[in-house]
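This report concerns only the one structure given below.
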Amino acid sequence: MTEVKTFDVQKLRADFPILAREVHGKPLVYLDNGASAQKPRCVIDSIRNTYEREYANVHRAAHELSAICTDKFEQARRSVQRFLNAPEDREVIFVRGTTEAINLVAQAWGRSSLKAGDEIVITAMEHHSNIVPWQMLCEQTGAKLRVAPMDQTGTLIFDEYLKLLNPRTRLVSVVHVSNALGTINPVKRMAAAAHQHGALVLVDGAQAAPHMRIDVQDLGVDFYAFSGHKAFGPSGIGALWGRAEVLEAMPPWHGGGEMIESVSFAKTTYAKIPHKFEAGTPSIADTIAMGVALEYLMEIGFDAMQAYEHELLEYATAQLSAIEGLRIIGTSADKAGVISFVLEGIHAADAGMILDEQGIAVRVGQHCAEPVMDFFKVPATIRASFAFYNTRAEVDALVKGIHKVKELFA
Ligand code: PLP
């Protein structure tokens, strides 16, 4: 708790120029961090610097600008390595984001490894990005998708998960933090159990990596995926970490430049990891800027940040729970800074519109988690998702905004 006191939110807010703007004449209250987070000045400056002073293609030319960009690009890989506490930087593959990372594993690993009757286990609280790629793979290979259930609080039923594991289980792919519910899954315990059956474990870290210390070695997983844009970096860039021996055994996914060792019309041989999985010119400035964002997060420190966000979550949960007719969807004991809720008799879209008029940005809808909505029998929720730059005053503004919604629609 002492760390929370030293966490200077106002100083950190000043790093984010957009937080000072108004929306519809009201101070912006940005509570849509789960969809995408805002960018600190160091990230914005990095992109500007690349294009103004250093831009060239990477890994190719023998000239100064290309050397600078290549150096910084590879530095970003080492930032991801440190960010995830990965053993080696060659285990970090740059991709467009979590969605692409999961599709890469499904297609490169899955198509070459699975056969009819094999099983993939996910949970009932996955984002569509961790459902659809596996369904596509199952159609292609004849493998079967199995879903570990959750209870009415949105907590994984661990015993039921264990019952799904068997020698046919080849992969467990699980969300670390649910974007629709905020639930933090016990990934380390899940991975240990999956490994006893010889299955690999992929973690969708889209909502976890920006908010908590990730240590892939401690978690004991095989793949970890996250998106730059949710981690205060640019959009269109993210990373897939995979254990070297697993990545090395996988065939490439996309073919093209950069991913080859030599090409002839008779035969092509592939580059070593990570380049084997990085065909084509990457998003250079964005990759470099994502590295800057991750360094910025590590500099703030995850212990202080996590404690602060947890305290904010508890405050917001208490304030919102006190509103009559408001029901929180997702009340697991172990939660990150996401609060999904419904208002009795009021459409989520109407609530979102009225909140927007007050400068309050929340997400309304199914949050790319339609099965979660079906489970809780709600068509949509209103979701406030927090970042370390949010404040109690912003929670108070949300509460005031909800009262206004109720006045207008109840
Ligand atoms: N997984 C989770 C849990 C998410 O919240 C999201 C995005 O909302 C994704 C995956 C997909 O991330 P992206 O759209 O950056 O690929």
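The values are calculated or read from the model by the stated rules, or taken from the named source; none is laboratory data. Here the structure is a predicted model, which is why all the values come from computation and not from measurement. As a convention, Cβ positions derive from the backbone with ideal geometry for all residues, glycine included, and neighbour counts pool all protein chains shown. Side chains included, ligands, DNA and RNA excluded: accessible areas come from the protein's heavy atoms. Shrake-Rupley method; radii C 1.70, N 1.55, O 1.52, S 1.80 Å.
Here are a few things to note about the model shown:
- Computed from Cα atoms, the angle from the helix 64-84 axis to the main principal axis of the chain rounds to 60 degrees.
- Taking label positions 7 Å along the Cα-Cβ direction at both Thr6 and Arg168, the computed distance is 5.4 nm, reported to one decimal.
- Kirkwood Rh, angstrom, the range 318-410 [1 / mean 1/r, Cα pairs]: 13.5
- With the simple spin-label model, which puts each label point 7 Å out from Cα in the Cβ direction, the Ile18 to Asp71 separation comes to 3.1 nm.
- In this calculation the C-beta distance from Glu64 to Val246 is compared with R0 = 41 Å, giving a FRET efficiency of 0.65.
- In degrees, nearest ten, helix 348-357 long axis to first principal axis of the chain (Cα): 80
- Cross-link pairs beyond the 28 Å C-alpha cut-off, checked among Lys115/Lys335; Lys11/Lys404; Lys39/Lys406; Lys115/Lys230; Lys72/Lys276; Lys11/Lys188: Lys115/Lys335; Lys11/Lys404; Lys39/Lys406; Lys115/Lys230; Lys11/Lys188
- Peptides 43-54, 258-269 ranked from most to least packed give 43-54, 258-269, packing being the mean of other C-beta atoms within 10 angstrom over each peptide's residues.
- Rg and Dmax [Cα atoms of the chain; Å; Rg one decimal, Dmax integer]: 21.8, 72
- Note on the chain: helix-only mean residue ellipticity at 222 nm, from DSSP H runs of 4+ residues weighted -39500 (n - 2.57) and normalised by residue number, equals -11000 deg cm²/dmol.
- Gyration tensor verdict on the range 139-201 (Cα atoms; rounded if a/c is under 1.5, prolate if a/b is larger than b/c, oblate otherwise): prolate
- In degrees, nearest ten, helix 187-196 long axis to first principal axis of the chain (Cα): 40
- Shape of the range 1-146, Cα gyration tensor, a/c cut at 1.5: oblate
- Carbon plus sulfur fraction of accessible area for the chain, probe 1.4 Å, in percent: 52
- Modelled spin labels at Ala333 and Leu145, positioned 7 Å past Cα toward Cβ, are 3.1 nm from each other.
- Of the three principal axes defined by the Cα atoms of the range 30-90, the extents in descending order read 45, 33, 16 Å.
- Expressed to the nearest 5 percent, the antiparallel share of DSSP beta bridges inside the chain is 60 percent.
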